[in-house]
1. When you count, for each residue, the other Cβ atoms within 10 Å and take the mean per peptide, how do 84-93, 50-59 rank with the highest first?
2. Sticking with the crude label model, points 7 Å out along Cα→Cβ, report the distance from D161 to V136 in nm, one decimal please.
3. Could you give the DSSP H helices of the chain that reach 30 angstrom or more along their long axis (alpha carbon positions) and whose average Kyte-Doolittle hydropathy is no lower than -0.5?
4. Need the full-extension length gain, A71 to R151, defined as separation in residues times 0.36 nm minus the C-alpha distance. One decimal, nm.
5. Take the alpha carbon gyration tensor of the range 58-164, find the square roots of its eigenvalues, order them as a ≥ b ≥ c, and report rounded if a/c is under 1.5; if not, report prolate when a/b exceeds b/c, else oblate.
6. What residues have an amide H closer than 5 Å to that of E128, excluding those fewer than 5 places away on the same chain, when H is modeled at 1.01 Å from N in the peptide plane?
7. For the chain, with the dipole built from +1 on Lys and Arg beta-carbon atoms and -1 on Asp and Glu ones, taken about the Cα centre, which of Y112, L18, I134 lies farthest toward the positive end?
8. Which value at 222 nm does the chain reach when only helices count, each DSSP H run of 4 or more adding -39,500 (n - 2.57), with the total divided by all residues and rounded to the nearest 500 deg cm²/dmol?
Amino acid sequence: MQRFLDTIAFSQPYLVGLLFLILVLLLTPGCATAGADSAGRTRDFATTAATTAGGAYIGAQEGNGKARNAAVGAAAGFVVGETVNYFSNKAQREAYVAGYEKGQSNAIKQQYWIARDNQRPSRDDGYEESYYEIDVPQSDRDGVRREATKRVIRVVMPREDAGS
C-alpha cells in the first residue's frame, strides 16, 4: 500500500498538469470557430487578468504583504483593465461602423453606375435616337388649370441605312 501511495505522490504533479491541459483543450474553441468577437473577449480577459494581477502584486509589495493592500491593489488593477478594455472596444466599434457605412455607400454608388450603364443605348444597335421639343398648350379640365409648357420627347427609329 505504501508503494502505491508513493507512486501516486510521484505522479501527482504530472496528473494535475495533464488534467489542466485536458480542461483547457475542452473549454477553449478551436481555430475554425474563432472569430473576431471571441478573439476580442480573449484579449479583454487577458488584459483584465494582467492588470488585476499586477495591481495585486503592487499592493502586496507596497503594503508589506498584507492581504488588505493586495485586495485594494487587485481592485484598482481590475478597474484599470476594464477601463482599457472599454476604450479599446469603443475605438474598434467606431472603426467598424465607419467601415460599414463606407461599404454601404460604395455599394449604392456601384448600383447607380450599373443601372446607368444598362440604360445607355448601344452605339451599333441599328437605331437612331432623336429628341423633339414640343409646346403643350394651356388647358382647363375638371376645374384644374394647366399652364402652357414645353416637353421633350425621345424618339427611337431604325436607321435608314441599316437595312442596306
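1. Details: 84-93: 12.4, 50-59: 18.0.
Ranked by mean Cβ neighbours within 10 Å, highest first: 50-59, 84-93.
2. 3.6 nm
3. Working: long enough: 2-27 (36 Å, 1.62); 36-62 (38 Å, -0.31); 67-119 (77 Å, -0.55).
Once both thresholds are applied, what remains is 2-27, 36-62.
4. Details: separation 80, 0.36 × 80 = 28.80 nm, distance 8.30 nm.
Length gained between A71 and R151: 20.5 nm.
5. Working: a/c = 11.68, a/b = 3.13, b/c = 3.73.
It comes out oblate by the Cα gyration axes.
6. Long-range HN contacts for E128: M157, R159.
7. L18
8. Values: 3 runs with 106 residues, N = 164.
Theoretical 222 nm ellipticity from helices: -23500 deg cm²/dmol.
None of the figures in this text is laboratory data; all of them are computed from the coordinates on show. Values in this document were obtained by computation on a predicted structure and should not be read as measured data. Ideal geometry is used to build each Cβ from the backbone, glycine not excepted, and the neighbour counts take in all protein chains shown.
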